[in-house]
1. Of the residues in the range 3-41, how many are closer than 22 Å to SER228 by Cα and of a type in the set (Asp, Glu)?
2. Every residue in the range 1-24 that is aliphatic (A, V, I, L, M) and more than 17 Å from GLY43 (Cβ to Cβ), please.
3. What residue, among those in the range 45-72 that are crowded, with 23+ Cβ neighbours inside 10 Å and more than 21 Å from LEU97 (Cα to Cα), is farthest from the chain's Cα centre (by Cα)?
4. Would you check if there is a residue in the range 77-85 being free of Cβ contacts under 8 Å to residues at least 24 places away in the same chain and under 21 Å from ASN54 (Cβ atoms)?
5. ASP136: outside any strand (DSSP E or B), farther than 20 Å from ASN45 by Cα and of a type outside the set (Val, Ile, Thr), yes or no?
6. Could you tell me which of the residues PHE116, PHE121 is surrounded by 22 or more Cβ atoms within 10 Å (Cβ to Cβ), under 29 Å from ALA152 (Cβ atoms) and modelled with pLDDT of 95 or more?
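The values are calculated or read from the model by the stated rules, or taken from the named source; none is laboratory data. Keep in mind that this is a model prediction, so the values were computed, not measured. Positions of Cβ are backbone-derived with ideal geometry, glycine not excepted, and every protein chain shown enters the neighbour counts.
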Amino acid sequence: MELRFLGKTGVKVSRLAFGCMSFGGDADAHAAAALYGAARDAGINFFDTADVYNEGRSEELLGRLSAGHADEIVVATKAYFPTGADANARGASRYHLVRACEASLRRLGRERVDLFYLHRFDDATDLGETLRAVEDLVRSGKILYPACSNYAAWQVAHALGVAAREGYAPLVAVQPMYNLLKRQAEVELLPMAQALGVAVVTYSPTAGGLLTGKWGAAKRPESGRMTSNAMYQTRYADPAHLVAADGLC
């Protein structure tokens, strides 16, 4: 597996990252172990999870599977979305981010997270508060590199400007949805990332399985993510996507 530098950092990650969103959900402990083993055998050293994936079970499984060789892989997790009923158990406030990071570390069984994504932009919290909270987590050794997911290009550029002005660790990576059906990132986000040296780590590369060759205008599998997951059904519900899948796969 080819290794590449993660943006401007000196960290080398596999060209392909392994997304662990299914761990603890569609993939039980046995299936997750098989998937993790196959990824490692293929040379993947970059694993992506989040605190909200299957109510934290994704992080727990990844932590157990990587126990004993945690320093051989690069682990990314995220925080923003609700992790409980409490009004403050969400968002990108200092209150939530510190608690979310510490909870993720407990589930992962790690002393630090290598890449910590702000899972989306928080319009309700001052960006300075968010970035200072992340900076404090970096300085305390709980985060090595900050990053962002689902940010618009201007939001990334704004965050980088604030970080540079205040002397904070910059966001080193951005994670947009990007595949042959969802190409909005090409308009502004990818050019911005290239110009500013921000790594791009995409998600949903197969459009929830739609671009695997299993789906089409006349092909509807009885099982799979597109069949069981309402989010993916909504995201790719346009019949034109099924027609496109026929032509692309």
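1. Here the count works out to 2.
2. Scanning the range 1-24 gives a single hit, MET21.
3. LEU61
4. Looking for residues that are free of Cβ contacts under 8 Å to residues at least 24 places away in the same chain and under 21 Å from ASN54 (Cβ atoms), one finds at least one in the range 77-85, hence yes.
5. Yes.
6. Exactly one of PHE116, PHE121 is surrounded by 22 or more Cβ atoms within 10 Å (Cβ to Cβ), under 29 Å from ALA152 (Cβ atoms) and modelled with pLDDT of 95 or more, namely PHE116.
Results for (1) surrounded by 15 or more Cβ atoms within 10 Å (Cβ to Cβ); (2) at pLDDT 95 or above; (3) of a type in the set (S, T, N, Q); (4) out of contact with any helix residue (DSSP H, G or I) (no Cβ under 9 Å at 6 or more places or on another chain), shown as yes or no for each residue.
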{"position": "ARG107", "(1), (2), (3), (4)": "yes, yes, no, no"}
{"position": "GLY141", "(1), (2), (3), (4)": "no, yes, no, yes"}
{"position": "SER149", "(1), (2), (3), (4)": "yes, yes, yes, yes"}
{"position": "LEU160", "(1), (2), (3), (4)": "yes, yes, no, no"}
